[in-house]
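This report refers to the structure that appears directly beneath it.
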Amino acid sequence: MTASAPPTSTAESPSPTPTSTASPASWAEVAKQAKPAVVRIDVVTCDARWMGSGFVVGDHLVMTANHVAAGASAITLQFADGVTRARIVGLDPTTDSALLRTDDAITDKALPLARALPDLGESVGVLGFPLQTYELRFTEGSVSGLHEPVSYDGGPEIDAMVTDSAINGGNSGGPVLDSSGKVIGLVSGHRLWVTGDRSPEPAQGQGYLIPGTDLATNLDRWRSLPEQPLADCGDPYDAAGAERTIEVNVASDDAVASDIARSLLVHGEAINTGNYDAAWQVFTRRMQRKLQSVDSWSAGLGTSYWKGISIQRVTGSAAAKVVRTILRTEQSAENGHDGQTCSVWVIDYGMIRVAGAWLINSAKSPSGPPTAC
């Protein structure tokens, strides 16, 4: 996102009670305590996709930036113990902040919001997922300004704080913490410097933050509101009156079977609603390279959509599993094997734990083609 500020520069966008009142001894301890509450957010709109960061502020509630969530048709969150979906509760472009409600609980250690501005020069730590990394990253800096007027792409003027912490695309929506672990701000963007006809370059030490005081006010007024509808990109199954609910059964007693089922459910529901970009995010990088592109992969789906999945058996190591599943799909006769409109597949999914989320690394059908339902 860009901002009109001085003509030679632009800007770009890249409370619960604390569980403990004791101040951490170091930034390493701050990051360790906050880590379970920080999430990677993948967003799909009707014509684009991007990712950002966010953090837990209450039971099933995640705060992020307005520009991360606005316009979403599907929102997927990856956290320490898995993958879940989210919907929008509140959006506010004047403070570039948004509140999401998640399907699954992420952690009971919500990050507390500061209800007063920090001091100029106060040390801060930034947590998030810059540059599309799946690994949580931490950078340290300080509060270098308390009031900076910023306007993104001609939008409303935002009263932002300034930090010299390193901020990159993907950090947007992530928490900025003080030494006690409170959220003093949310990453909103950073300034680009324009020199003549040259391409914009990042301005050093000019990151923009939404104050925790604004976040606390928004949380107070949003937390009990109903969810807003996500963007409707047109559901190819609605025309046929198809029921999109996926029945899930977990027969395995493996400790992570339910977490793996949750990841596969996110994948299947994204397929069912035509949000193929969101389904693509549940593949590992290796699987994505094998499938070449989201367009070539989704073109092979035809009219197929998921109706039910059963987790039969889970084997393997702590970080890599082979998951025997029974998958039931429905599709038009022209897209079904031997003209099947309902098919039952035996699929062995290779699942790998990446930054806490179980992602699909391979898929094989040991029994061959599907049988009719």
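Return the long-range amide H neighbours of residue 169 (sequence gap of 5 or more, or a different chain), with a cut-off of under 5 Å between placed amide H atoms.
Answer set, sorted by chain and number: 131.
Give me the net charge for the shell around residue 325: Cβ to Cβ below 12 angstrom, other residues only, Lys and Arg +1, Asp and Glu -1. Kindly include the intermediate steps, with their values, before the conclusion.
Details: positive: 313, 321, 324, 328, 364; negative: 348.
Computed value for this residue: +4.
List the residues, sorted by chain then number, that are 5 or more residues from residue 134 or on another chain and whose placed amide H is less than 5 Å from its amide H.
Result for residue 134 returns nothing.
Among 37-49, 149-161, 360-372, how do they line up by average Cβ neighbours within 10 Å per residue, starting with the highest?
Going from most to least packed, we get 37-49, 149-161, 360-372.
Mind listing the phi-derived Karplus ³J(HN,Hα) values for the range 30-35, rounded to whole Hz, using 6.51, -1.76 and 1.60 with θ = phi - 60°, and x for any glycine or proline?
Those phi angles translate into 4, 5, 4, 5, 7, 3 Hz.
Once Lys and Arg get +1 and Asp and Glu get -1 on their Cβ, which of 303, 293, 276 lies farthest toward the positive end of the dipole of the range 232-373?
My answer, from the dipole projection, is 293.
Read phi for every residue in the range 361-366 and hand back ³J(HN,Hα) as whole Hz from Karplus 6.51 cos²θ - 1.76 cosθ + 1.60, θ = phi - 60°, with x for Gly and Pro.
Result, ordered by residue: 10, 6, 8, 10, 10, x Hz.
What residues have an amide H closer than 5 Å to that of residue 106, excluding those fewer than 5 places away on the same chain, when H is modeled at 1.01 Å from N in the peptide plane?
Placed amide hydrogens put 60 under 5 Å from residue 106.
Convert each backbone phi in the range 180-186 into a coupling constant with the Karplus relation 6.51 cos²θ - 1.76 cosθ + 1.60 (shift: θ = phi - 60°), then list the ³J(HN,Hα) values in order as whole Hz, x for Gly and Pro.
8, x, 7, 7, 8, x, 10
At a probe size of 1.4 Å, how large is the accessible area of residue 147, to the nearest 10 Å²?
120
Could you please state, rounded to a whole Å, how far the C-alpha centre of the range 276-354 is from the C-alpha centre of the range 151-190?
Rounded to whole Å, the Cα centres lie 38 Å apart.
Heavy atoms only, probe 1.4 Å: what % of the accessible area of the chain goes to carbon and sulfur, would you let me know? Present the calculation step by step, with values, prior to reporting the outcome.
On the way: 8020 of 16190 Å².
Here carbon and sulfur together make up 50 percent of the probe-accessible area.
Would you mind putting 124-131, 104-111 in packing order, based on average other-beta-carbon counts within 10 Å, highest first?
124-131, 104-111
Per residue, what accessible area does the range 280-373 have, given a 1.4 Å probe and all protein chains present, in Å²? Please report the intermediate quantities before stating the final value.
Values: 4510 Å² over 94 residues.
Per-residue accessible area for the range 280-373 comes out at 48 Å².
Can you compute the charge dipole magnitude of the chain about its Cα centre, using +1 on each Lys and Arg Cβ and -1 on each Asp and Glu Cβ, nothing else charged? Give it in debye, rounded to the nearest 20.
It works out to roughly 1140 debye.
What order do you get for 179-185, 319-325 when each peptide is scored by the mean count of other beta carbon atoms within 10 Å, highest first?
179-185, 319-325
Which listed residue (326, 186, 151) has the Cα farthest towards the positive end of the charge dipole for the chain, taking +1 on Lys and Arg C-beta and -1 on Asp and Glu C-beta about the Cα centre?
The listed residue farthest towards the positive side: 326.
What is the magnitude of the charge dipole of the range 231-373 about its Cα centre, with +1 placed on the Cβ of each Lys and Arg, -1 on the Cβ of each Asp and Glu, and no other charges, expressed in debye to the nearest 20?
760
The values are calculated or read from the model by the stated rules, or taken from the named source; none is laboratory data. Being a predicted model, the structure only gives us computed values, none of them experimental. We place every Cβ from the backbone using ideal geometry, glycine too, and count neighbours over all the protein chains shown. The protein model used for the area step is the full one, side chains on, heavy atoms only, and it has no ligands, DNA or RNA in it. Shrake-Rupley method; radii C 1.70, N 1.55, O 1.52, S 1.80 Å.
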